[in-house]
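To start, the structure under review is shown below, and the notes come after it.
Nothing in this text is a laboratory measurement; each read-out follows from the coordinates by a stated rule. Because the structure is a prediction, the values reported are computed rather than measured. Cβ atoms come from the backbone with ideal geometry, glycine included; neighbour counts cover every protein chain shown.
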Amino acid sequence: MPKTRAYSISVDDIAAERERVGGDLAQVNVANVIKLDDLELRDVGPTDVHLKILAASGEHNVEHGALADTINIADARGGKIYPGNSALGEVIGVGAEVSKFAVGDIALTHCNGEPDRFGFPLRIWGYDQPDSIGWYSEEAVVGEWQLVKAPLECGLNLWEMAALPLRAPTAYHMWRRALGIYRVKVTREQQAVLNVMSFGGGVGELFLMLAKAEGHNAYFCSGSPARRDALEKQGITGIDQKAYNRFASRDDVKAFRKHVAQITDGEDMHIICDMLRGPVFPAGFAVQARMGVNVSAGWQLSQVIDYNSTIASVKQVTLDHTHYETLIGIEAATEFYGRVFKPTVHEEIYAFSDVPRAFEEMHQNTQTGIPILRIASDLPKSVRSLVP
Ligand SMILES: NC(=O)c1ccc[n+]([C@@H]2O[C@H](COP(=O)([O-])OP(=O)(O)OC[C@H]3O[C@@H](n4cnc5c(N)ncnc54)[C@H](OP(=O)(O)O)[C@@H]3O)[C@@H](O)[C@H]2O)c1
């Protein structure tokens with residue numbers, strides 16, 4: 001059985017940190033909960049691939065796992081999880097029946113843990129899929145079906161590529177769903193160019209890149225000047241969320257509403273991506289155009305939303321909830337690496353030993369882009385030229 005070092009989140013560490021801060025979740029230091037562990041991987045079966053993880057991106061479900069603020073996933077999974085559902089690795093071994101990958105290939109993981117009959121995930125790998133072991137580890141054994149060939153020639157550097165395996169398919173799926181729903185109501189011939197807005201975050205940024213690439217007006221409402229600047233360079237208009245106090249009061253929402261009306265000639269936003277919920281949701285709802293679509297696959301600030309159903313009906317607004325892509329959709333999303341998806345990466349590339357700190361900084365919302373974790377200090381020759 002291959003052995004490796006991998007990060008884990010355990011109920012004991014969650015409980016110890018909660019006790020340290022007297023139960024005040026706002027004081028939790030996520031770095032105290034994410035611990036480096038030794039792990040025995042399963043034997044490489046006939047359809048398995050043995051991976052050396054080179055780089056991974058930090059994902060919010062790890063923060064949720066460490067805080068146990070949505071569900072206590074470590075508890076639900078029997079006391080401990082090994083998180084990590086977005087990684088880039090080198091194939092170092094293959095089972096006898098593996099046909100798509102050979103030793104030396106570079107692969108991306110995806111996190112569709114168990115497709116339903118339509119291909120959508122019932123659960124997420126490295127999170128709520130039973131027995132799944134995630135990829136914040138030096139090595140991993142995964143089924144061949146969980147891997148996509150890394151598009152090494154796409155023009156992105158290694159860290160940018162590592163930023164995308166989870167976020168890009170999520171954004172791709174939300175975009176095709178939201179646009180499809182809008183087009184059921186308003187055809188292309190009736191209205192070609194749409195106003196598309198997203199709130200902060202890596203998924204929202206990628207969503208806007210898709211909208212922009214198809215010729216729509218794209219608006220990024222974020223509190224981070226660095227992230228807004230990066231998107232402005234791609235022709236995506238920034239809206240400073242902090243100028244509206246992150247929608248703390250009704251007056252802030254009113255002022256935001258006025259601003260959006262001005263910049264859209266009174267049209268408002270036809271499609272909105274909201275991965276955050278909480279105070280962001282009513283602000284988005286207030287600027288939703290008639291026939292609009294509000295799409296979400298996240299609940300970072302709140303799991304519950306509240307809205308006026310009459311207003312939604314009269315304006316013919318659709319709220320759509322998605323999760324993650326189908327396997328075939330994940331392959332399709334990968335085609336847009338470098339062409340459309342040019343992710344913003346946080347300025348520091350974290351070393352393997354700094355993974356806990358990376359998650360605390362994500363929790364503090366101080367990162368200037370998607371956090372990248374460099375897992376392997378020694379990189380294979382095939383990707384060395386892709387390191388900036
Ligand atoms: N279902 C799925 O398949 C799926 C996939 C990916 C992500 N998600 C979920 O979607 C959410 C966003 O993920 P992401 O990867 O896009 O995020 P990300 O790149 O890590 O960015 C998080 C963003 O949250 C915003 N934020 C933090 N605190 C805030 C606050 N108090 N008020 C308003 N905004 C705040 C920040 O926006 P500013 O720029 O405004 O500071 C930041 O850019 C997470 O909850 C994640 O778990 C779900």
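Here are the numbers:
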| read-out | value |
| --- | --- |
| nm² value of the averaged projected area, convex hull over the Cα atoms of segment 169-321 | 8.2 |
| Neighbour net charge for SER10 - beta-carbon separation under 9 angstrom, K R +1, D E -1 | -1 |
| Fraction in percent of alpha-carbon pairs per bin - 10 Å, segment 306-388 | 13, 24, 32, 20, 8, 4 |
| For segment 115-156, the fraction of alpha-carbon pairs in successive 5 Å shells from zero, as % | 5, 16, 20, 25, 16, 13, 5, 0 |
| Sequence-separation-based contact order of the chain, relative, with Cα cut under 8 Å and 6+ spacing, percent | 19 |
| Residue-span extension gain [ILE92 to VAL184] - 0.36 nm each, minus C-alpha spacing | 28.4 nm |
| FRET E, pair ALA102, LYS3, Förster distance 22 Å, beta-carbon r, rounded to 0.05 | 0.40 |
| Approximate spin-label separation ASP43-HIS259, in nm, with each point projected 7 Å along Cα-to-Cβ | 6.1 |
| Ranked packing of 69-79, 15-25, most packed first, by mean Cβ within 10 Å | 69-79, 15-25 |
| Within segment 166-221: Cβ-based charge dipole about Cα centre, in debye rounded to nearest 20 (Lys, Arg +1; Asp, Glu -1) | 160 |
| Segment 286-342-segment 208-252 distance, computed between alpha-carbon centres (Å) | 16 |
| Cα principal axis extents for segment 1-93, largest first, Å | 48, 24, 20 |
| Span from the segment 355-388 Cα centroid across to the segment 39-83 one, whole angstrom | 17 |
| Principal semi-axes in Å for the chain [√(5λ), Cα gyration tensor, largest first] | 35, 24, 19 |
| Segments 97-103, 253-259 sorted - mean Cβ within 10 Å per residue, highest first | 253-259, 97-103 |
| Spherically averaged projected area in nm², based on the convex hull that wraps the Cα atoms of segment 1-42 | 3.1 |
| Cβ-based net charge around TRP145, under 11 Å, with every Lys or Arg adding one and every Asp or Glu removing one | -2 |
| Radius 12 Å from Cβ of ASP378, net charge of other residues (Lys, Arg +1; Asp, Glu -1) | +2 |
| Segment 169-321, relative contact order [Cα under 8 Å, separation at least 6], % | 22 |
| Selected from HIS110, ALA255, ALA6, residue furthest toward positive end of dipole (the chain; charges at beta carbon) | ALA255 |
| Principal semi-axes in Å for segment 52-207 [√(5λ), Cα gyration tensor, largest first] | 29, 21, 16 |
